[in-house]
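Following: one structure in structure tokens, then a few remarks.
The values are calculated or read from the model by the stated rules, or taken from the named source; none is laboratory data. Since the model is a prediction, treat every value here as computed from it, not as a measurement. In this analysis, Cβ positions are derived from the backbone assuming ideal geometry, glycine residues included, and neighbour counts consider all displayed protein chains.
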Amino acid sequence: MKLYDLTHPIHKNMPVYPGTPQPSFEKKATIISEGYRETKLEFFSHIGTHVDAPAHMLEDGKFLEQYPVSKFSGKAFIITIPAKTQKIEKKFLEQFHAEITSSEFVLLKTGWYKYWETEKYFRNFPVLSTDAIKFLISCDFKGIGLDMPSVDPVESTTWENHFLLFENDLIIIENLNFPKNFKYSEGEISCFPINYSGADGSPVRAVFRV
């Protein structure tokens, strides 16, 4: 068994979604003064590698804590998207129908994670077409993960892909980070969120097991 960390680290200068404040880390206790270390963490719920709950955008959508812990772990199939793809179409995904329907999560590996911590990361990343989203929804699984900042373009004001997924009770894992030379297409993903009340989203430690 091998474990791979698919998580971007959280730090004060990390990339954040446009308009979101940077996280802060305040030392509240030190070994010299108090005899122990303790840090006050302050950041938004959709920072870094994180999971979105339907309640993120649906008035009556589920919060993360309303799901059993099993919702955040399961068999995953990774689809490698060809370089320079701008729109991920249904026709491309259909060739993986058997693998998708036998999985609990679909992870899209576009290579966009390589632009993390550059200005390019939040601009012109690949996006699923509406038909591609509907095709995935028809395959009946727990959630979708991607190595990009969103399932919708940053400039979107309607968030159609988010709504389609949330309305079908799917969770979304955003900002996955695939290790260098990662070649696997099948395994198990775990992406456990912080268990807090009213969780519309949460940073996760995304781990892939093969």
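Identify, please: which residue in the stretch 156-210 is farther than 21 Å from Thr101 by Cα and among the hydroxyl-bearing types (Ser, Thr, Tyr) and is, among those, surrounded by the most Cβ atoms within 10 Å (Cβ to Cβ)? Selected residue: Ser202. Residues that are out of contact with any helix residue (DSSP H, G or I) (no Cβ under 9 Å at 6 or more places or on another chain) and among the β-branched types (Val, Ile, Thr) within the stretch 44-84 comprise Ile47, Thr49, Val69, Ile78, Thr80, listed in sequence order.
Condition first: assigned to a loop (DSSP other than H, G, I, E, B), farther than 28 Å from Arg123 by Cα and touching a strand residue (DSSP E or B) at 6+ places or on another chain (Cβ under 8 Å). Now tell me which residues in the stretch 1-34 satisfy that.
Taking the stretch 1-34 and keeping what is assigned to a loop (DSSP other than H, G, I, E, B), we get 1-2, 6-23, 30-34.
Next cut, farther than 28 Å from Arg123 by Cα only: 1-2, 30-34.
Selection gives Met1, Lys2.
Here is a yes/no grid of residues against (1) in contact with a strand residue (DSSP E or B) (Cβ under 8 Å, 6 or more places away or on another chain); (2) of a type in the set (Gly, Ala, Ser); (3) at pLDDT below 95; (4) in a loop (DSSP other than H, G, I, E, B):
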residue: Pro149; (1), (2), (3), (4): yes, no, no, yes
residue: Asp152; (1), (2), (3), (4): yes, no, no, yes
residue: Asp169; (1), (2), (3), (4): no, no, no, yes
residue: Ile173; (1), (2), (3), (4): yes, no, no, no
residue: Phe178; (1), (2), (3), (4): yes, no, no, yes
residue: Asn181; (1), (2), (3), (4): no, no, yes, yes
residue: Tyr184; (1), (2), (3), (4): yes, no, no, yes
residue: Gly187; (1), (2), (3), (4): yes, yes, no, no
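Scan (1) of a type in the set (Asp, Glu); (2) within 22 Å of Gly198 (Cα to Cα); (3) surrounded by fewer than 10 Cβ atoms within 10 Å (Cβ to Cβ) for the single condition Glu42 breaks and write down its number. All conditions are met except number (3).
Among the residues of the stretch 77-133 satisfying the criterion of being small (Gly, Ala, Ser) and either part of a loop (DSSP other than H, G, I, E, B) or at pLDDT below 95 (or both), which is surrounded by the most Cβ atoms within 10 Å (Cβ to Cβ)? Reasoning before the result, please.
First pass over the stretch 77-133, keeping only residues small (Gly, Ala, Ser): 83, 98, 102-103, 111, 129, 132.
Those still in the list that are either part of a loop (DSSP other than H, G, I, E, B) or at pLDDT below 95 (or both) too: 83, 102-103, 111, 129.
Numbers: Ala83: 8, Ser102: 12, Ser103: 22, Gly111: 16, Ser129: 16.
Among them, the one singled out is Ser103.
Evaluating Ile194 against the criteria (1) under 11 Å from the mean Cα position of the chain (by Cα); (2) free of Cβ contacts under 8 Å to residues at least 40 places away in the same chain; (3) within 14 Å of Gly48 (Cα to Cα) leaves one unmet condition, (1). The condition (being touching a His at 6+ places or on another chain (Cβ under 9 Å) and on the phi > 0 side of the Ramachandran plot) is satisfied by just one residue among Gly19, Gly111, Gly48, Gly35: Gly48.
The residue of the stretch 138-147 that is modelled with the lowest pLDDT, among those that are closer than 25 Å to Ile47 by Cα and not small (Gly, Ala, Ser), is Phe141.
Would the stretch 36-43 turn up any residue that is touching a Phe, Trp or Tyr at 6+ places or on another chain (Cβ under 7 Å) and over 14 Å from Gly201 (Cβ atoms)? Yes.
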